[in-house]
Amino acid sequence: MARPPRIEYPGAFYHVIVRGNHRQDIFLDEQDRREFLGRVKRYKKELGFVLYAFVLMPNHVHLLIETPEVPLSKVMQRINLTYTQYFNRKYNTVGHIFQGRYKSFLCDREEYLLTLVRYIHLNPVRANMVKNPQEYPWSSHQVYLAGSKGLVDSSRALGMLSKEPSRARKRYEEFVDENQSGERDEKLYRGRQPQILGDDDFIEMVERKVQAVKVPLKKPSLQEVLNTVSAVTGVPQEEMESRSRNRETRLARGVLATVWRELGNRVGELQPRIKRDLSVLSRLSRITERGEGKKEVAEVLRKLNARLQA
């Protein structure tokens, strides 16, 4: 039976599981674990992905990754290939050390980020390796407790718990402690569409994004997109490019950022025309694609696709 293709698009958020071949150990000592994390750090810098959580178990790895630009397949190919080369050199072995294709679940970040962070950090507890996650040194759990910065971005998940850092860390610890057995989180993927963790609205959004990535090489220019967004929202292009912060203009910018991203482009490319920080444009895009502005986004994409196919 043919394997389903990876679902990849800019800004996708994944729970990735990499297992050892025949479930054999992939880390034989602490140096191996440091080498693997070193490769994650290297390619995080080179490829620009976001790492929200990790745990290194003896024979498998869990990673929580967002891919703003470079597809997940390229990220995992680099990490797995170079670690395999290191492992085979060190232990004088040949061949694969990882089991076939890694597993990846496309997830709704806003809905499941905290739950997945907890699920990953509780892996050693569920495996009866430790009594609590603080005792396990090879996960990002301690990063969340300390609120430190570096390899892992803990700020987004902690920010969902409180805007005040120390309170957020305390609430995170309580959130993990309330489900130490991990039984509730074990049911995450049961009865759901393969590869996707999210509700019907999320699946619909994914389908739009995947379809946008499949748009032929001929893509609309930024000017064409601006014109179409202006026609659909009723907000003049000059207003979108201004520093106005009124509700209608913010909505139009959110529609523009979402459409531009769904067409396979980088939101940062809008900055020369739209005088807003990248973080602001990205936030507007995320808000729009899940809430107010969804109908406008769909209408803009419909008009652009119709024009391309004419």
Going through (1) farther than 15 Å from PHE54 by Cα; (2) assigned to a helix (DSSP H, G or I); (3) in contact (Cβ under 8 Å) with a residue 40 or more places away in the chain one by one, LYS170 fails only at (3)
Checked GLN193, GLN223, GLN211 against criteria (part of a helix (DSSP H, G or I), touching a helix residue (DSSP H, G or I) at 6+ places or on another chain (Cβ under 9 Å), exposed (fewer than 14 other Cβ atoms within 10 Å of the Cβ) and modelled with pLDDT under 90); the one match is GLN211
Just to be sure before I move on: is GLU30 within 16 Å of the chain's Cα centre (by Cα), assigned by TED's automatic domain parsing to the domain that holds LEU113 and surrounded by fewer than 16 Cβ atoms within 10 Å (Cβ to Cβ) in the structure I sent? no
Every listed condition ((1) in a helix (DSSP H, G or I); (2) without any contact (Cβ under 8 Å) to a residue 40 or more places away in the chain; (3) more than 30 Å from PRO5 (Cα to Cα)) holds for ARG243 save (1)
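So if I check each of PRO58, PRO124, PRO68, which one is over 17 Å from ILE196 (Cα atoms) and either of a type in the set (Ser, Thr, Tyr) or at pLDDT below 95 (or both)? Reasoning before the result, please.
Working: PRO58 fails: either of a type in the set (Ser, Thr, Tyr) or at pLDDT below 95 (or both); PRO124 fails: either of a type in the set (Ser, Thr, Tyr) or at pLDDT below 95 (or both).
Criteria check complete, one pass: PRO68.
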Residue count, the range 61-120, condition without any contact (Cβ under 8 Å) to a residue 60 or more places away in the chain and touching a strand residue (DSSP E or B) at 6+ places or on another chain (Cβ under 6 Å), comes to 6
When the range 123-163 is checked residue by residue, the ones that are among the β-branched types (Val, Ile, Thr) and closer than 18 Å to GLU178 by Cβ are VAL125, VAL130
With respect to ALA257, is the statement that it is of a type in the set (Gly, Ala, Ser) and either in contact with a strand residue (DSSP E or B) (Cβ under 7 Å, 6 or more places away or on another chain) or at pLDDT 80 or above (or both) true? yes
Here, helices (runs of 4 or more DSSP H) confined to the range 119-167 with at least 2 residues that are in contact with a Pro (Cβ under 7 Å, 6 or more places away or on another chain) are 123-126
Scanning the range 52-75 residue by residue, the ones that are of a type in the set (A, V, I, L, M) and surrounded by fewer than 18 Cβ atoms within 10 Å (Cβ to Cβ) total 1
Scanning the range 89-106 residue by residue, those over 25 Å from the mean Cα position of the chain (by Cα) and among the hydroxyl-bearing types (Ser, Thr, Tyr) turn out to be TYR91, THR93
Checked ARG78, ARG118, ARG109 against criteria (surrounded by 20 or more Cβ atoms within 10 Å (Cβ to Cβ) and more than 13 Å from the chain's Cα centre (by Cα)); the one match is ARG118
If we keep only residues of the range 253-272 that are free of Cβ contacts under 8 Å to residues at least 40 places away in the same chain and crowded, with 16+ Cβ neighbours inside 10 Å, then the residue nearest to LEU284 (Cα to Cα) is GLY254
request  = Tell me, please, whether a residue that is farther than 23 Å from LEU122 by Cα, touching a helix residue (DSSP H, G or I) at 6+ places or on another chain (Cβ under 9 Å) and charged (D, E, K, R) can be found in the range 18-34.
outcome  = no
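The values are calculated or read from the model by the stated rules, or taken from the named source; none is laboratory data. Because the structure is predicted, anything quoted here is derived from the model rather than measured. Positions of Cβ are generated from backbone atoms using ideal geometry, with glycine treated the same way; all protein chains shown enter the neighbour counts.
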